[in-house]
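Enquirer: I'd like to ask you about the structure that follows.
The values are calculated or read from the model by the stated rules, or taken from the named source; none is laboratory data. Just so it is clear, the model here is predicted, and its values are computed rather than measured. No Cβ is skipped: glycine too gets one built from the backbone with ideal geometry, and neighbour counts run over all protein chains shown. Ligands, DNA and RNA are excluded from the accessible area calculation, which covers all protein heavy atoms including side chains. Shrake-Rupley method; radii C 1.70, N 1.55, O 1.52, S 1.80 Å.
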Amino acid sequence: MLLPRFEYHRPARLDEALAILAQHQGQAAVLAGGTDLLVGMKHKLMKPAHVVGLEALEGFGQIQEQEGMLLLGPMLTASALAGEPGVRARATALALGAGVLGSPQVRNRATVGGNVCNARPAADMCVPLLALGATALLQSAHGAREVPLSEFFLGPGRTVRTPGELLCGVKLPAGGPGVGSGYQKLGLRQALEIALVNVAAFVALEDDGQTVKTARVALGAVAPTPILSPGAEAALTGQVISEELIRQAAQAAAADARPIDDHRGSADFRRQEVLVLTRRALQQAWQAARQD
Amino acid sequence: MGGKYDVIGGRARRVDAVDKATGKAIYAEDLRFVGELHGALLQSPLPHARVLNIDTSRALKLPGVKAVITHKDVPATRYGVSPARYDETVFAIDRVRYVGDEVAAVAAVDLETALEAIELIKVDYEPLPHVLTVDEALAPGAPQLHDEYPGNLCAEVHQEFGDLAAGFAQCDLIHEHKFVNKRQDGGFIEPQHSIAVYDHTGQLTLYSSTQVPHYVQRTLSMVTGVPIGKVRVVKPYVGGGFGPKAEANPLDLCASFLAMRTGKPVRMGYTRAQVFLHSRARHQFFHTMKTGFKKDGTIVALAHQCHLEGGAYSSFGIATVYYAGSLLGGPYRMKHMSYDGYRVYTNKPACGAQRGHGCVAARACFEQQLDIVAKQLDLDPIEMRLKNIMENGDVTCNHMSMSSLGMKECIQAVQTGSDWQEKRGKLPPGRGIGMASGFFVSGAGYPIYRSDTFHCTVTIKVQEDGGTVLVKTGAAEIGQGSDTTMAMIAAEAIGIPLEAVRLVSGDTDYGVDLGAYSSRTTLMTGHATKEAGLAVKETVLTALAQELGIERQRLDLKKGLVQISGEPVDFSALRTKYIKEHRGWTDHPDGEQLTFTEAARVAFLKHGTIVGTGKYKPPVLGGLHKGAAVGTSPAYGCSAQVAEVSVDLETGQIKVERITDAHDCGQAINLTSVEAQMEGSVSMGLGETMFEEVKFDKDGRVLNPSLGEYHIPTVLDMPEMKCIVVETGEPNGPFGAKEVGEGAIMPTIPAILNAVHDAIGVAIDELPLTPERVLKALAQAKQG
Ligand SMILES: Cc1cc2nc3c(=O)[nH]c(=O)nc-3n(C[C@H](O)[C@H](O)[C@H](O)COP(=O)(O)OP(=O)(O)OC[C@H]3O[C@@H](n4cnc5c(N)ncnc54)[C@H](O)[C@@H]3O)c2cc1C
């Protein structure tokens, strides 16, 4: 399979990159790890005349922590996120999701920015980030804006990002004592699997260690985008956490899922798995919240 | 080792290992020819349509395009695998029969131009109604694929051995069981690739990623009209085949026609998606087996029906439909068996042969049924199998002779090796253990076309300087290790170390060899190699005996040294003569014994180049009934496996934790390769059991034509494996050796199925065992 012809740009500074994107509105594709983009180009799903590589941009691969927030550079790879102790402790679900994305070779290339901008309904980093309450940091030649991930995804492969915008980072509240998250993925194989269903859960407990202050459950592969389950959130918030409460929340999540039948699985099956995986993800999150 | 052999039975490092590990091994796509052109195929986007018109004018005008060919430019010769069903032509003539059917081909200066030209060819199609399933194809009034084969019946088989009615009359229990697998893809790593070179003398040379240079040579000659003596097929290293590469493919033919037309070398390769369209992999089988038993578990009679969803053409299908029935004749004693098999045409890519050709779904169905019945009769499934097991010398009701059969030994080995007794019935919920057996041919008894040809010929030439020998064979190393195996057999036969053997293979110029299919190479090419090696040894030792003035019988070769029995012999004159031959060389022999090197040089000085030849053709094999040629073999390899699984009862996800595997290969030539075949078989069988299914949309397009969406097992999906090699010594095999390539896959699917049955209490009769299917089975069981 051949790549279509294109012009390659390798900006060293952010303003340069944004200028190129502004100049070639709609004709330019951003290249991070290339594990989605190049595959799509080879299949002729897109034929961008210009490709803008982010590899030389400074600071795009960094993790920063400020004022209780984690700031992730878009070029952080899945293997970096999976292995980084800070991420494992403070954004557990993301580290878990990144750790089961693809295979070691893919994880070494795949970036968080690429995963988010590619916006697949089952993406292994999108679902955890959604549960963790992350925000996308977008920037164009004309300015910057912040969009919560819950408003970022529009459909499979579609986001609110305009062609002139670059995702310059992802921001999320850093976990700490009383806070935990979990991630569950169901596939056929042990590796190289796009999830049949995946679920991420986040729980923050009050100081009493048992009342749920905030909770979020994100579901993958059961809607055109990764979605949050409002039902699960409502079931959990303000309640004393227990196995029974988790069971109720899982039921609410299953009710919120909007799966369809396709050749990979039926809607009924997916809903049934949402129930099981949500329960397990919440148990994981609760366990983690209790531990710190 | 310390056994009776010096080379075989050990763990030789494969001759291709370093090249493959370092990326130096040359595959078809790596070859480069000066002035080569790139070809591309235009394939039908419709599952069934009349071709009204093909307009190539715009493609021909595109700069860089050197040739565009359609059915008008090539002979309408029909070809295929079995001469009984030649139902393919190079290009569709008036009709396309599946999404992927070849319509035209282009050669251009580069691939980009060739692909662009393909898009410029305009074809007018008139869509026809299509059939995608067996039921649709067999329905009254169904659209017909081939006028010559009415009712969409590609082939049917009706056989009865023994007396079925009498058999069933004696039974205490009759059980009926249905089973269905899913259409597979071969899942080999290297997509097919072919390069054709046509020279000024009219010789056509094709470099192809194939398992069968010999059959490709015959098909090329038949279709192109180039005399067979001027067609040469060369197989570089091949990245796996597993069956789908066991026939001439459209790339082989199109590249040849394009090369003949342009006078330039032409290369063509499949993308991964095109591999799925060419297919020729495992069929979908719908089995119904009605089996009769006595109370004590004795198997008495089997009435078996099977429908195969075949796709648009026959490929290997005639053999497949026979295989699906015939290999149930063993490995259990059973006096009465009937079989009704139907291979059905559909508007999908053609299915063909894949590892365990025709037999794995049948084996899975039968072995699953044995487990169900064992439960009903309250018998241990292993004891029930042992009660019925065949042994050395048994002949099946359909006339297959088990000249060696270590089936019992294999079953006992996995019984002990897996701690069966401690585990069966004692595992916690969600965990299970199951076993199954199976066997397979060690080489098809007959060539695919009717002929008295030798199945293989081997030449071994002693290099004129003495010391090393060159083995030349047409055998196809496709990753299975046949090069190393043949080198080891040559070394053993001559009595020299493996390092003294060089080997070239996979070229029709080196002799006849039917190729790598039906697990034939070790036994058949092994025989020919051994014979050639013994001939070399004889010539060399006879010459040496004359030179030394002693009887030939006093001489032998072992590990490259001449053994002289009886009185000591003074060979100093001979040694001096040898040293003078190589004046100035520093590595003169000075040991107590004469070397093969010295002897071989002396023989050369006497006779000129020393060449030994070998050949093999199976003896006349049993069975006179129609279809007896499918399943008869000079020998049969057999396997037993115990699988242990854990099932997540909430998600339905299964993990195969452990497989204990025993295989009787007669005599291991290279122990490491035998174990590798056992592990590879388990991997492939596990994939079919757990994940693999080629899926289609309603318009006959493959939904998952990539290794991202067609899930073959990764290394993480592999169970822990314990391989036990059983060696019974096959009287019809070279040094006692027989197959391991396909027999080893037979028990995998049913062993896992039976373990899952043990774990969840339900027997699932449809593959693959996806979480969804497992959950459904659990829910049904709950409802009762
Ligand atoms: C074999 C294989 C297995 C895979 N398995 C999985 C899996 O298990 N789970 C999973 O979730 N995914 C999987 N993927 C998909 C892919 O690896 C991930 O989505 C990955 O995170 C994409 O990152 P990337 O850096 O490679 O993105 P790229 O391919 O470089 O980019 C992806 C898209 O995002 C855009 N983009 C990238 N960065 C930015 C930015 N900073 N600003 C604006 N736009 C940007 C690109 O233009 C492109 O449209 C797999 C892919 C392959 C090839």
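Enquirer: Restrict the check to the range A:129-146 and report whether at least one residue is open to solvent by 20 Å² or more (accessible area, probe 1.4 Å), closer than 15 Å to A:Arg161 by Cβ, away from the ligand (no atom under 13 Å from the Cβ) and touching an Asp or Glu at 6+ places or on another chain (Cβ under 6 Å).
Expert: Checked the range A:129-146: at least one residue is open to solvent by 20 Å² or more (accessible area, probe 1.4 Å), closer than 15 Å to A:Arg161 by Cβ, away from the ligand (no atom under 13 Å from the Cβ) and touching an Asp or Glu at 6+ places or on another chain (Cβ under 6 Å).
Enquirer: Right, next: Select from the range B:675-689 the residues that are open to solvent by 10 Å² or more (accessible area, probe 1.4 Å) and among the aliphatic types (A, V, I, L, M) and write down the one among them that is nearest to the other protein chains (Cβ to nearest Cβ). Spell out how you get there, then give the answer.
Expert: If we filter the range B:675-689 for residues that are open to solvent by 10 Å² or more (accessible area, probe 1.4 Å), which is where we start, we get B:675-677, B:679-680, B:683-684.
Filter again for among the aliphatic types (A, V, I, L, M), leaving B:676, B:684.
Details: B:Ala676: 21, B:Met684: 14 Å.
So, considering only residues that are open to solvent by 10 Å² or more (accessible area, probe 1.4 Å) and among the aliphatic types (A, V, I, L, M), the one nearest to the other protein chains (Cβ to nearest Cβ) is B:Met684.
Enquirer: So B:Glu742 passes all but one of these: (1) more than 14 Å from chain A (Cβ to nearest Cβ); (2) out of contact with any His (no Cβ under 9 Å at 6 or more places or on another chain). Which condition number does it fail?
Expert: If we test B:Glu742 against (1) more than 14 Å from chain A (Cβ to nearest Cβ); (2) out of contact with any His (no Cβ under 9 Å at 6 or more places or on another chain), just (2) comes out false.
Enquirer: Within the range A:22-76, track down each residue that is more than 9 Å from the ligand (Cβ to nearest atom) and of a type in the set (S, T, N, Q).
Expert: A:Gln23, A:Gln25, A:Gln27, A:Gln62, A:Gln64, A:Gln66, listed by residue number.
Enquirer: When residues of the range B:92-119 are filtered for being assigned to a strand (DSSP E or B) and more than 14 Å from chain A (Cβ to nearest Cβ), how many remain?
Expert: Adding up the residues that qualify gives 8.
Enquirer: Taking the conditions exactly as written (part of a loop (DSSP other than H, G, I, E, B) and among the β-branched types (Val, Ile, Thr)), does B:Val645 satisfy them or not?
Expert: no
Enquirer: From the residues in the range A:255-274 that are within 12 Å of chain B (Cβ to nearest Cβ) and aliphatic (A, V, I, L, M), which one is least open to solvent (accessible area, probe 1.4 Å)?
Expert: Restricting to residues being within 12 Å of chain B (Cβ to nearest Cβ) and aliphatic (A, V, I, L, M), the top hit is A:Val274.
Enquirer: A:Arg10 is checked against (1) under 29 Å from A:Pro104 (Cα atoms); (2) open to solvent by 60 Å² or more (accessible area, probe 1.4 Å); (3) modelled with pLDDT under 95 and fails just one. What number does that condition carry?
Expert: Every condition holds for A:Arg10 apart from (3).
Enquirer: Another question, then. Which one of these does B:Leu386 not meet: (1) in contact (Cβ under 8 Å) with a residue 60 or more places away in the chain; (2) open to solvent by 10 Å² or more (accessible area, probe 1.4 Å)?
Expert: Status for B:Leu386: all satisfied but (1).
Enquirer: Which of (1) closer than 30 Å to B:Lys408 by Cβ; (2) of a type outside the set (Phe, Trp, Tyr); (3) within 12 Å of chain A (Cβ to nearest Cβ); (4) surrounded by fewer than 22 Cβ atoms within 10 Å (Cβ to Cβ) does B:Arg701 not meet, given it meets every other one?
Expert: So the condition that B:Arg701 fails would be (1).
Enquirer: Pull up the range B:754-763, narrow it to residues that are of a type in the set (A, V, I, L, M) and surrounded by fewer than 23 Cβ atoms within 10 Å (Cβ to Cβ), then point me to the one that is farthest from B:His287 (Cα to Cα).
Expert: Checking each candidate, the answer is B:Ile760.
Enquirer: Taking the options B:Ala640, B:Ala603, name whichever one is open to solvent by less than 10 Å² (accessible area, probe 1.4 Å), in contact with a helix residue (DSSP H, G or I) (Cβ under 6 Å, 6 or more places away or on another chain) and within 30 Å of B:Met337 (Cα to Cα).
Expert: B:Ala640
Enquirer: When only residues in the range B:289-317 that are among the aromatic types (Phe, Trp, Tyr) and out of contact with any helix residue (DSSP H, G or I) (no Cβ under 7 Å at 6 or more places or on another chain) count, which is surrounded by the fewest Cβ atoms within 10 Å (Cβ to Cβ)?
Expert: This residue is B:Tyr313.
Enquirer: Can you say whether A:Ala19 is near the ligand (Cβ under 9 Å from one of its atoms) and away from chain B (no Cβ under 14 Å), as far as the supplied structure shows?
Expert: Considered against the rule, which asks whether it is near the ligand (Cβ under 9 Å from one of its atoms) and away from chain B (no Cβ under 14 Å), A:Ala19 comes out as no.
Enquirer: Among the residues of the range A:155-203, how many are away from chain B (no Cβ under 14 Å), polar (S, T, N, Q) and open to solvent by 20 Å² or more (accessible area, probe 1.4 Å)?
Expert: Counting residues in the range A:155-203 that are away from chain B (no Cβ under 14 Å), polar (S, T, N, Q) and open to solvent by 20 Å² or more (accessible area, probe 1.4 Å) gives 2.
Enquirer: So how many residues does the range B:154-172 have that are over 9 Å from B:Lys335 (Cα atoms) and open to solvent by less than 20 Å² (accessible area, probe 1.4 Å)?
Expert: Residues in the range B:154-172 being over 9 Å from B:Lys335 (Cα atoms) and open to solvent by less than 20 Å² (accessible area, probe 1.4 Å): 3 in total.
Enquirer: Considering each of B:Pro191, B:Pro244 in turn, give the residue that is at pLDDT 95 or above, out of contact with any strand residue (DSSP E or B) (no Cβ under 7 Å at 6 or more places or on another chain) and part of a loop (DSSP other than H, G, I, E, B).
Expert: B:Pro244
Enquirer: Is the range A:195-210 home to any residue that is under 30 Å from A:Gly143 (Cβ atoms) and more than 12 Å from the ligand (Cβ to nearest atom)?
Expert: Pass one, the range A:195-210, residues under 30 Å from A:Gly143 (Cβ atoms): none.
No, the range A:195-210 contains no residue that is under 30 Å from A:Gly143 (Cβ atoms) and more than 12 Å from the ligand (Cβ to nearest atom).
Enquirer: What number of residues within the range B:547-563 are surrounded by fewer than 18 Cβ atoms within 10 Å (Cβ to Cβ), within 46 Å of the chain's Cα centre (by Cα) and of a type outside the set (D, E, K, R)?
Expert: Counting residues in the range B:547-563 that are surrounded by fewer than 18 Cβ atoms within 10 Å (Cβ to Cβ), within 46 Å of the chain's Cα centre (by Cα) and of a type outside the set (D, E, K, R) gives 2.
Enquirer: Restricting the search to the range B:208-224, which residues are open to solvent by 40 Å² or more (accessible area, probe 1.4 Å) and under 22 Å from B:Thr473 (Cβ atoms)? Walk me through it before giving the result.
Expert: First, pick out the residues of the range B:208-224 that are open to solvent by 40 Å² or more (accessible area, probe 1.4 Å): B:218, B:222.
B:Arg218, the sole residue that qualifies.
Enquirer: Follow-up question, since we're still on this one. Does A:Val30 satisfy the condition of being among the β-branched types (Val, Ile, Thr) and part of a helix (DSSP H, G or I)? Don't jump to the end; show me each part of the working.
Expert: On the way: among the β-branched types (Val, Ile, Thr): yes; part of a helix (DSSP H, G or I): no.
Criteria not met by A:Val30.
Enquirer: Identify the single condition in (1) away from chain B (no Cβ under 14 Å); (2) more than 13 Å from the chain's Cα centre (by Cα); (3) among the small types (Gly, Ala, Ser); (4) within 25 Å of A:Gly53 (Cβ to Cβ) that A:Gly102 does not satisfy, given that it satisfies every other one.
Expert: All conditions pass for A:Gly102, except number (1).
Enquirer: Yes or no: B:Asp185 open to solvent by 20 Å² or more (accessible area, probe 1.4 Å), over 30 Å from B:Gly623 (Cβ atoms) and of a type outside the set (Lys, Arg)?
Expert: Working: open to solvent by 20 Å² or more (accessible area, probe 1.4 Å): no; over 30 Å from B:Gly623 (Cβ atoms): yes; of a type outside the set (Lys, Arg): yes.
No, not satisfied.
Enquirer: Can you name every residue in the range B:646-673 that is away from chain A (no Cβ under 14 Å) and either open to solvent by 10 Å² or more (accessible area, probe 1.4 Å) or over 27 Å from the mean Cα position of the chain (by Cα) (or both)? Before you say what the answer is, go through the steps one by one.
Expert: Here is the first cut: in the range B:646-673, the ones away from chain A (no Cβ under 14 Å) are B:658-673.
B:Arg658, B:Gln667, B:Leu671, B:Thr672, B:Ser673, listed by residue number.
Enquirer: Please determine, by comparing only the residues of the range A:92-123 that are within 6 Å of the ligand (Cβ to nearest atom) and assigned to a helix (DSSP H, G or I), which one is most open to solvent (accessible area, probe 1.4 Å).
Expert: Step by step, filter the range A:92-123, then rank; the result is A:Arg109.
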